[in-house]
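S.K.: This is the structure I want to talk about, given as structure tokens.
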Amino acid sequence: MRVQRESPLAYAELTRATASADAGLELRGTPEDAEVIARHGDAEHRVAVWQGRLYGEPASDWNVAQLARLAALVGGSLVGEDGEAYVIRDGIVEQVNGKTVYEFGKLEEILSQGPVQWAA
């Protein structure tokens with residue numbers, strides 16, 4: 001999944017967005033190669049990678065929710081491999097593909113459950 005915006009995302013903008021106390025995210029690395037990290041409990045989890053563009057490979061609803069939050073923080077949208085969009089609408093994490101909408105669930109509930117891996 002990748003974060004898209006009308007204008008290219010600059011590393012400085014990503015730095016500002018993740019530095020917000022409300023974001024609960026940390027940016028580690030260099031402007032060429034960095035990771036966005038989120039904590040759950042005592043553990044740290046990679047949410048996204050920055051290498052001139054921002055993207056992630058989610059393995060749980062928690063990861064999708066964190067990526068959707070991050071996309072919103074930088075003023076972008078989260079887009080999947082097949083062009084589907086992932087959004088947070090009225091506190092609900094959704095996947096939108098044309099007229100089809102799939103609800104992952106309430107953002108706060110997903111975040112509180114943590115990164116429970118999807119079954120293979």
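S.K.: Scan the stretch 92-116 residue by residue and report those that are open to solvent by 70 Å² or more (accessible area, probe 1.4 Å), in contact with a Phe, Trp or Tyr (Cβ under 8 Å, 6 or more places away or on another chain) and either among the acidic types (Asp, Glu) or in a helix (DSSP H, G or I) (or both).
M.R.: If the condition is that a residue be open to solvent by 70 Å² or more (accessible area, probe 1.4 Å), in contact with a Phe, Trp or Tyr (Cβ under 8 Å, 6 or more places away or on another chain) and either among the acidic types (Asp, Glu) or in a helix (DSSP H, G or I) (or both), then 113 is the only one that fits.
S.K.: I need every pair where a residue in the stretch 95-112 that is acidic (Asp, Glu) has its Cβ under 6 Å from the Cβ of a residue that is not in a helix (DSSP H, G or I), sequence separation at least 6 or different chains.
M.R.: Pairs found: 103/92; 103/94.
S.K.: Turning to a different aspect of this structure: Mind counting the residues in the stretch 1-36 that are assigned to a strand (DSSP E or B), among the small types (Gly, Ala, Ser) and open to solvent by less than 50 Å² (accessible area, probe 1.4 Å)?
M.R.: From the stretch 1-36, those assigned to a strand (DSSP E or B) are 2-4, 25-29, 34-36; that's our starting set.
Subset that is among the small types (Gly, Ala, Ser): 29, 34.
Subset that is open to solvent by less than 50 Å² (accessible area, probe 1.4 Å): 34.
Residues that pass the stated criteria total 1.
S.K.: Taking residue 77 and the conditions (1) closer than 20 Å to residue 114 by Cα; (2) within 11 Å of the chain's Cα centre (by Cα), which numbered condition does it fall short on, given that it satisfies the others?
M.R.: The one condition residue 77 does not meet is (1).
S.K.: Across the stretch 55-109, what is the number of residues that are farther than 28 Å from residue 11 by Cβ and β-branched (Val, Ile, Thr)?
M.R.: 4
The values are calculated or read from the model by the stated rules, or taken from the named source; none is laboratory data. In this text the structure is predicted, and so the values were computed from the model without any measurement. Glycine gets a Cβ as well: all are built from the backbone with ideal geometry, and neighbour counts include every protein chain shown. Note: accessible area is taken over every heavy atom of the protein model, side chains too, but ligands, DNA and RNA are not part of it. Shrake-Rupley method; radii C 1.70, N 1.55, O 1.52, S 1.80 Å.
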